[in-house]
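Engineer: Below are the structure tokens for one structure; questions will follow.
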Amino acid sequence: MLLSALTITILAAAANDAAAFAFVPSRVVSNKESALYGTKVGIFFGTSTGSTQEAADLIAEEFGDDVASSPIEIDEIQGSVAAEFSKYDALVVGTPTWNTGADVERSGTGWDEIYYGEMADLNIAGKKVAVFGLGDSVSYSENYADASGELYDVFESLGCSMLGATSTDGYLHEASKAIRGDKFCGLLLDEVNQEELTGERVKNWVAALIGEGLLSGAGTAAPAVSVQSPAPVPQNIETEVSVVEPVAVTQAEEQEEGFLGHYNSLTDKTWWVGNNGRSSFVTNGPPEMHSTLTKTNTRISP
């Protein structure tokens with residue numbers, strides 16, 4: 001990865017009117033206050049046994065009904081997904097994992113029916129999305145909550161702003177397709193082996209989402225709190241920052257593995273899923289721009 005140094009000079013000019021420097025103190029927004037901002041969170045889930053719905057209920061309760069919708073099962077909105085998603089400023093989406101041996105469509109729920117069909121045409125770039133999922137970290141320790149990773153990747157490929165990554169500490173798994181970098185891509189719960197931790201995990205996650213700005217950026221802006229500040233002094237601030245240049249995806253292991261590309265023409269992004277189902281990533285532009293990936297007997301979805 002190539003690094004280049006860039007020196008940026010920032011000029012801060014003083015204003016004549018001290019009132020222009022009123023500011024809003026940094027703080028976590030409470031559930032009740034967030035209603036003032038006009039923000040609404042849509043909670044959607046897929047389920048086979050009802051456990052994911054129970055988790056969705058806990059999350060909705062933690063947000064409060066003045067902020068979050070009642071949980072909506074994805075099976076109930078097939079055919080009207082775009083209209084339903086458009087009702088909310090942010091989405092919290094959840095899934096269990098059943099098809100652990102599959103490369104894709106691992107949830108065993110209605111999500112699998114719309115991932116590469118109805119959802120492929122959604123225009124929701126920029127919408128804030130957080131993922132939660134359930135799995136058995138002991139009996140399926142090498143495939144723990146795998147479907148959560150696919151759910152995350154689908155929304156990311158649509159250009160959504162993904163929030164809510166969590167630490168892998170304290171879990172019993174050995175491997176998971178829901179890990180991005182060194183964290184889970186969202187909130188993962190184990191109702192089989194760690195049910196006693198669910199309540200605390202949900203509470204901490206919702207608080208973290210609010211802190212990450214899930215409820216900000218839409219509706220009415222928060223009221224400013226004016227404070228008296230000393231007269232600002234013009235100053236020149238010079239700082240040096242590192243700019244990281246992107247590296248082309250040409251790793252030997254990716255060429256050998258082979259990837260299946262899913263192109264979204266609305267966002268001009270391609271979501272690549274490894275043939276072994278254990279890795280995925282997103283690139284800009286159509287699949288044919290990445291010859292090192294498509295030449296390994298990879299088919300491109302429409």
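The values are calculated or read from the model by the stated rules, or taken from the named source; none is laboratory data. Keep in mind that what you see is a predicted model, and the values were worked out from it rather than measured. Methodologically, a virtual Cβ is constructed for each residue, glycine included, from the backbone with ideal geometry; neighbour enumeration extends over all protein chains shown. For accessibility, only protein heavy atoms count, side chains too; no ligands or nucleic acids. Shrake-Rupley method; radii C 1.70, N 1.55, O 1.52, S 1.80 Å.
Engineer: Within region 177-197, which residues are in contact (Cβ under 8 Å) with a residue 24 or more places away in the chain and of a type in the set (Asp, Glu)?
Structural biologist: Taking region 177-197 as the starting set, the residues that turn out to be in contact (Cβ under 8 Å) with a residue 24 or more places away in the chain are 177-180, 184-194, 197.
If the condition is that a residue be in contact (Cβ under 8 Å) with a residue 24 or more places away in the chain and of a type in the set (Asp, Glu), then Asp190, Glu191 are the ones that fit.
Engineer: Scanning for something among the charged types (D, E, K, R), open to solvent by 10 Å² or more (accessible area, probe 1.4 Å) and free of Cβ contacts under 8 Å to residues at least 24 places away in the same chain, does region 164-176 turn up at least one residue?
Structural biologist: Yes; the residues of region 164-176 include at least one that is among the charged types (D, E, K, R), open to solvent by 10 Å² or more (accessible area, probe 1.4 Å) and free of Cβ contacts under 8 Å to residues at least 24 places away in the same chain.
Conditions tested, residue by residue: (1) modelled with pLDDT of 95 or more; (2) in contact with a helix residue (DSSP H, G or I) (Cβ under 8 Å, 6 or more places away or on another chain); (3) surrounded by fewer than 14 Cβ atoms within 10 Å (Cβ to Cβ).
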{"site": "Pro25", "(1), (2), (3)": "no, no, yes"}
{"site": "Thr49", "(1), (2), (3)": "no, no, yes"}
{"site": "Asp57", "(1), (2), (3)": "yes, no, no"}
{"site": "Gly94", "(1), (2), (3)": "yes, yes, no"}
{"site": "Asp103", "(1), (2), (3)": "no, no, no"}
{"site": "Trp111", "(1), (2), (3)": "yes, yes, no"}
{"site": "Gly117", "(1), (2), (3)": "no, no, yes"}
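Engineer: Filter region 177-209 down to residues that are open to solvent by less than 30 Å² (accessible area, probe 1.4 Å) and outside any helix (DSSP H, G or I), then give me how many there are.
Structural biologist: 10
Engineer: Return yes when Gly42 is part of a loop (DSSP other than H, G, I, E, B), touching a residue at least 12 places away in the same chain (Cβ under 8 Å) and more than 24 Å from Gly170 (Cβ to Cβ) and no when it is not.
Structural biologist: Taking the combined requirement at face value, the residue does not satisfy it.
Engineer: Which of (1) aliphatic (A, V, I, L, M); (2) open to solvent by less than 30 Å² (accessible area, probe 1.4 Å); (3) without any contact (Cβ under 8 Å) to a residue 40 or more places away in the chain is the odd one out, the single condition Val81 does not satisfy?
Structural biologist: (3)
Engineer: Oh, and also: Among the residues of region 119-163, write down those that are of a type in the set (A, V, I, L, M, F, W, C), over 8 Å from the mean Cα position of the chain (by Cα), open to solvent by 10 Å² or more (accessible area, probe 1.4 Å) and more than 18 Å from Thr97 (Cβ to Cβ).
Structural biologist: Ala120, Ile124, Ala125
Engineer: Okay, moving on. What pairs can you find where one residue is in region 103-123 and within 22 Å of Thr52 (Cα to Cα) and touching a residue at least 60 places away in the same chain (Cβ under 8 Å), the other is open to solvent by less than 10 Å² (accessible area, probe 1.4 Å) and assigned to a loop (DSSP other than H, G, I, E, B), and their Cβ atoms are less than 6 Å apart, with a gap of 6+ or different chains?
Structural biologist: Hits for this filter: Asp103/Gly277; Ser107/Gly46; Thr109/Gly46; Gly110/Gly46; Trp111/Gly46.
Engineer: Give me the pairs: first residue in region 198-220 and closer than 17 Å to Asp57 by Cβ, second residue crowded, with 19+ Cβ neighbours inside 10 Å and modelled with pLDDT under 95, beta-carbon distance under 9 Å, and six or more apart or on different chains, which are they?
Structural biologist: Listed pairs, sorted by first residue: Leu209/Leu215.
Engineer: Please determine, by comparing only the residues of region 48-72 that are in contact with an Asp or Glu (Cβ under 8 Å, 6 or more places away or on another chain) and outside any helix (DSSP H, G or I), which one is nearest to Val192 (Cα to Cα).
Structural biologist: Per the stated criteria, the residue is Pro71.
Engineer: Can I ask one more? Out of everything in region 30-47 that is at pLDDT 90 or above and over 16 Å from Ala208 (Cα atoms), what residue ends up being surrounded by the fewest Cβ atoms within 10 Å (Cβ to Cβ)?
Structural biologist: Lys40
Engineer: Given (1) within 23 Å of Leu188 (Cβ to Cβ); (2) among the aliphatic types (A, V, I, L, M); (3) out of contact with any Gly (no Cβ under 9 Å at 6 or more places or on another chain), identify the lone condition not met by Ala102.
Structural biologist: (3)
Engineer: Ala68 fails exactly one of the following numbered conditions: (1) under 22 Å from Asp190 (Cβ atoms); (2) crowded, with 22+ Cβ neighbours inside 10 Å. What is the number of that condition?
Structural biologist: (1)
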